[in-house]
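Please read the structure below before turning to the comments.
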Amino acid sequence: MTHRTRTILALTLALAMAATAVSCRKGRRLRPVRTVALRMSGYAFNETNPILTFRTGERVRFVLTNDETTMIRHNLRVAELGVPCDYELGPGESRVVIVTMPDRPGVFAYDCCTHRGMGGTLVVTDR
Ligand SMILES: [Cu+2]
């Protein structure tokens, strides 16, 4: 095998690998996303701070809405999954937060980092 042939083979292989990487990433981006509405009022999510159950690896689109009628600001944090509380929603404001659940089952707290006791539990299960 000549040096030139080896170079061409290596380049072809590199291109094939790059194409595969791009298509995998695309597939990941196209994974279904489940939408979960979380309405915040009375210092609670959906009135009862419910336990929310998801599948491992599931992509979830949380639609947050602050339903307070006075100037109370809220946010959503899932500290263990790296979802920070770096914003605050005022009354009537909404925001979408997309969270990819971990690949391993587990139990994680979600909360509003501004108000102690405002939060619940995310359960991630593989069945
Ligand atoms: Cu709050």
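The values are calculated or read from the model by the stated rules, or taken from the named source; none is laboratory data. A quick note: this is a predicted structure, and the numbers were derived from the prediction, not measured. Don't worry about glycine lacking a Cβ; one is built from the backbone with ideal geometry, like all the others, and counts go over all protein chains shown.
Return the only residue of 91, 102 being in the same structural domain as residue 52 (by TED's automatic domain parsing) and closer than 19 Å to residue 34 by Cβ.
When all the criteria are applied, what remains is 102.
Take residue 107 and tell me if it is at pLDDT 95 or above and under 21 Å from residue 33 (Cβ atoms).
no
Among residues belonging to the stretch 67-85 that are of a type in the set (D, E, K, R) and either away from the ligand (no atom under 14 Å from the Cβ) or outside any loop (DSSP other than H, G, I, E, B) (or both), point out the one that is nearest to residue 47 (Cα to Cα).
77
Only one of these conditions is not met by residue 91: (1) more than 12 Å from the ligand (Cβ to nearest atom); (2) outside any strand (DSSP E or B); (3) touching a strand residue (DSSP E or B) at 6+ places or on another chain (Cβ under 8 Å); (4) over 26 Å from residue 125 (Cβ atoms). Which number is it?
Of (1) more than 12 Å from the ligand (Cβ to nearest atom); (2) outside any strand (DSSP E or B); (3) touching a strand residue (DSSP E or B) at 6+ places or on another chain (Cβ under 8 Å); (4) over 26 Å from residue 125 (Cβ atoms), only one is false for residue 91: (1).
Can you tell me which condition residue 120 does not meet? The list is (1) part of a strand (DSSP E or B); (2) small (Gly, Ala, Ser); (3) loosely packed, with under 15 Cβ neighbours inside 10 Å, and all the others hold.
Unmet for residue 120, out of (1) part of a strand (DSSP E or B); (2) small (Gly, Ala, Ser); (3) loosely packed, with under 15 Cβ neighbours inside 10 Å: (3).
Among the residues that make up the stretch 59-71, is at least one of them in the same structural domain as residue 119 (by TED's automatic domain parsing), touching a Phe, Trp or Tyr at 6+ places or on another chain (Cβ under 8 Å) and closer than 19 Å to residue 105 by Cα?
yes
I'm told residue 108 meets every condition in (1) assigned to a strand (DSSP E or B); (2) in contact with a Phe, Trp or Tyr (Cβ under 7 Å, 6 or more places away or on another chain) except one. Can you identify the failing condition by its number?
Among (1) assigned to a strand (DSSP E or B); (2) in contact with a Phe, Trp or Tyr (Cβ under 7 Å, 6 or more places away or on another chain), the lone unmet condition for residue 108 is (2).
I'm trying to understand the selection: among the residues of the stretch 36-47, which are in a loop (DSSP other than H, G, I, E, B) and in contact (Cβ under 8 Å) with a residue 60 or more places away in the chain?
43, the sole residue that qualifies.
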